[in-house]
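**Student:** Following this message is one structure expressed as structure tokens.
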């Protein structure tokens, strides 16, 4: 399919942006904009450049009101520039999240760039496909206004089945989401903070699901009570208590000593499918651990790692010798580190 216009149309607060963010992270050559909520504030996200811009504002000057919220007018200018650059680059997919009354009735917001974009795809002036995100109650108004009666309305299942290309769960690999604990600076449990329409523990578990045989939430007894029953849990083993993240990893290896673990901390809200796939691709037969290294801090990230099954006895001996630091453990085994182009994806949010 090429030169087609598609529409994703769902009700407000139904997870459209979160669904698309997961999908675009697993695709190649995608451009356009998304408008995710980050820390309860609407942001503008440049898909191609993987860059966030402030969108929602409390400043009444140079702002546009949409419902009860105010949005920075300069952010709309940025969004239009992103759409123009995408039009020039001719991505495989261009995404516009979202088309609303501001554009249809007020000719503001993303206009006039949005009309130019739709016209180019309607008249086959560019390659690739265009995806418009439109709220359900505005669907027919948008189709009529932009004269796109042949646009195909996609069900969310398209993005769920196609979002992980050529991926099947790797045998004997268990996904382990480490809940961590209450951050003194944030004043609340990081695992239950919502960045993308679901608590972070659930968001990470859902990301790992396509790649692993099974996925578990590593948690303490108090956290387990608050975790949805849709997710399997491994409660901290009392034998390894008060050892920080090491407690969770040892508890999982205690139950499953013949399984390798993909260990992901809950406090990496910018992590994408691309990083998960990179960890999988980096595995080697003679390597004990694969993990990311943040080139900004020059530190290994032991909570963004795969611990192969041979680590189980090595990690237990490490703990029995009085050690508790996973980062120090990495120095005692055959560890392979990999990097990313944008260290924001490896940023731990704890402030």
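The values are calculated or read from the model by the stated rules, or taken from the named source; none is laboratory data. Because the structure is predicted, anything quoted here is derived from the model rather than measured. Note that we place each Cβ from the backbone using ideal geometry, even for glycine, and neighbour counts take in every protein chain shown.
**Student:** I'm checking my understanding of the structure. Among residues of segment 312-331 that are assigned to a helix (DSSP H, G or I) and out of contact with any helix residue (DSSP H, G or I) (no Cβ under 7 Å at 6 or more places or on another chain), which one is surrounded by the most Cβ atoms within 10 Å (Cβ to Cβ)?
**Tutor:** 330
**Student:** May I ask you to say which residue of 278, 305 is in contact (Cβ under 8 Å) with a residue 12 or more places away in the chain, within 27 Å of residue 342 (Cβ to Cβ) and surrounded by 22 or more Cβ atoms within 10 Å (Cβ to Cβ)? Full working, then the answer.
**Tutor:** Working: 278 fails: surrounded by 22 or more Cβ atoms within 10 Å (Cβ to Cβ).
Step by step, each of 278, 305 is checked, and only 305 is in contact (Cβ under 8 Å) with a residue 12 or more places away in the chain, within 27 Å of residue 342 (Cβ to Cβ) and surrounded by 22 or more Cβ atoms within 10 Å (Cβ to Cβ).
**Student:** In addition: Considering only residues that are outside any helix (DSSP H, G or I) and touching a helix residue (DSSP H, G or I) at 6+ places or on another chain (Cβ under 6 Å), look in segment 9-28 and name the one that is modelled with the lowest pLDDT. First the steps, then the outcome.
**Tutor:** As a first pass, look at segment 9-28 and keep what is outside any helix (DSSP H, G or I): 9-15, 26-28.
With touching a helix residue (DSSP H, G or I) at 6+ places or on another chain (Cβ under 6 Å) added as a condition, the list becomes 9-11, 26.
Details: 9: 90, 10: 83, 11: 83, 26: 77.
If we take residues in segment 9-28 being outside any helix (DSSP H, G or I) and touching a helix residue (DSSP H, G or I) at 6+ places or on another chain (Cβ under 6 Å), then 26 is modelled with the lowest pLDDT.
**Student:** For segment 104-146, how many residues meet the condition of being over 20 Å from residue 87 (Cβ atoms), in a helix (DSSP H, G or I) and within 28 Å of the chain's Cα centre (by Cα)?
**Tutor:** So the answer is 4.
**Student:** May I ask you to verify whether residue 92 is in contact (Cβ under 8 Å) with a residue 40 or more places away in the chain, surrounded by 15 or more Cβ atoms within 10 Å (Cβ to Cβ) and under 21 Å from the mean Cα position of the chain (by Cα)? Show your work before the answer.
**Tutor:** Details: in contact (Cβ under 8 Å) with a residue 40 or more places away in the chain: yes; surrounded by 15 or more Cβ atoms within 10 Å (Cβ to Cβ): no; under 21 Å from the mean Cα position of the chain (by Cα): yes.
Here the answer is no, as residue 92 does not meet what is asked.
**Student:** Being buried (at least 20 other Cβ atoms within 10 Å of the Cβ), closer than 20 Å to residue 51 by Cα and in contact (Cβ under 8 Å) with a residue 12 or more places away in the chain, is that true of even one residue in segment 133-141?
**Tutor:** Initially, segment 133-141 is screened for residues buried (at least 20 other Cβ atoms within 10 Å of the Cβ), giving 133-134.
Okay, now just the ones that are also closer than 20 Å to residue 51 by Cα, so 133.
Filter again for in contact (Cβ under 8 Å) with a residue 12 or more places away in the chain, leaving 133.
Within segment 133-141, one or more residues are buried (at least 20 other Cβ atoms within 10 Å of the Cβ), closer than 20 Å to residue 51 by Cα and in contact (Cβ under 8 Å) with a residue 12 or more places away in the chain.
**Student:** Then there's this: Is it true that some residue in segment 206-213 is in the same structural domain as residue 10 (by TED's automatic domain parsing), modelled with pLDDT under 90 and either part of a loop (DSSP other than H, G, I, E, B) or more than 29 Å from residue 43 (Cα to Cα) (or both)? Write out each step before concluding.
**Tutor:** Going through segment 206-213, the residues in the same structural domain as residue 10 (by TED's automatic domain parsing) turn out to be none.
The answer is no; no qualifying residue exists.
**Student:** With outside the structural domain of residue 210 (by TED's automatic domain parsing), within 27 Å of the chain's Cα centre (by Cα), outside any loop (DSSP other than H, G, I, E, B) and under 30 Å from residue 213 (Cα atoms) as the only criterion, which of 76, 158, 71 stands out? First the steps, then the outcome.
**Tutor:** Working: 76 fails: under 30 Å from residue 213 (Cα atoms); 71 fails: under 30 Å from residue 213 (Cα atoms).
Result: 158 is the single residue among 76, 158, 71 that is outside the structural domain of residue 210 (by TED's automatic domain parsing), within 27 Å of the chain's Cα centre (by Cα), outside any loop (DSSP other than H, G, I, E, B) and under 30 Å from residue 213 (Cα atoms).
**Student:** Looking only at segment 50-80, filter to residues that are out of contact with any strand residue (DSSP E or B) (no Cβ under 8 Å at 6 or more places or on another chain) and touching a residue at least 12 places away in the same chain (Cβ under 8 Å); which one of those is surrounded by the most Cβ atoms within 10 Å (Cβ to Cβ)?
**Tutor:** So, considering only residues that are out of contact with any strand residue (DSSP E or B) (no Cβ under 8 Å at 6 or more places or on another chain) and touching a residue at least 12 places away in the same chain (Cβ under 8 Å), the one surrounded by the most Cβ atoms within 10 Å (Cβ to Cβ) is 80.
**Student:** Looking at (1) surrounded by 14 or more Cβ atoms within 10 Å (Cβ to Cβ); (2) over 16 Å from the mean Cα position of the chain (by Cα); (3) within 17 Å of residue 178 (Cα to Cα), can you tell me which one residue 288 breaks?
**Tutor:** (3)
**Student:** Then there's this: Of the residues that make up segment 241-259, is at least one on the phi > 0 side of the Ramachandran plot and outside any helix (DSSP H, G or I)? Talk me through it step by step, then tell me what you get.
**Tutor:** Start the filter on segment 241-259 by keeping residues that are on the phi > 0 side of the Ramachandran plot, which leaves 242, 244.
From what is left, the residues that are outside any helix (DSSP H, G or I) are 242, 244.
Looking through segment 241-259, at least one residue is on the phi > 0 side of the Ramachandran plot and outside any helix (DSSP H, G or I).
**Student:** Name the residue that is modelled with the lowest pLDDT, counting only residues in segment 332-351 that are part of a loop (DSSP other than H, G, I, E, B) and under 17 Å from residue 265 (Cβ atoms).
**Tutor:** The first filter runs over segment 332-351 and keeps only residues part of a loop (DSSP other than H, G, I, E, B), leaving 332-334, 339-342, 347-351.
Of the ones still in play, those that are also under 17 Å from residue 265 (Cβ atoms) are 340, 347-351.
Working: 340: 88, 347: 82, 348: 82, 349: 73, 350: 61, 351: 42.
If we take residues in segment 332-351 being part of a loop (DSSP other than H, G, I, E, B) and under 17 Å from residue 265 (Cβ atoms), then 351 is modelled with the lowest pLDDT.
**Student:** Please work out if residue 85 is surrounded by fewer than 18 Cβ atoms within 10 Å (Cβ to Cβ) and either closer than 27 Å to residue 140 by Cβ or in contact with a helix residue (DSSP H, G or I) (Cβ under 7 Å, 6 or more places away or on another chain) (or both). Break it down into steps so the answer makes sense when it comes.
**Tutor:** Details: surrounded by fewer than 18 Cβ atoms within 10 Å (Cβ to Cβ): yes; either closer than 27 Å to residue 140 by Cβ or in contact with a helix residue (DSSP H, G or I) (Cβ under 7 Å, 6 or more places away or on another chain) (or both): no.
No.
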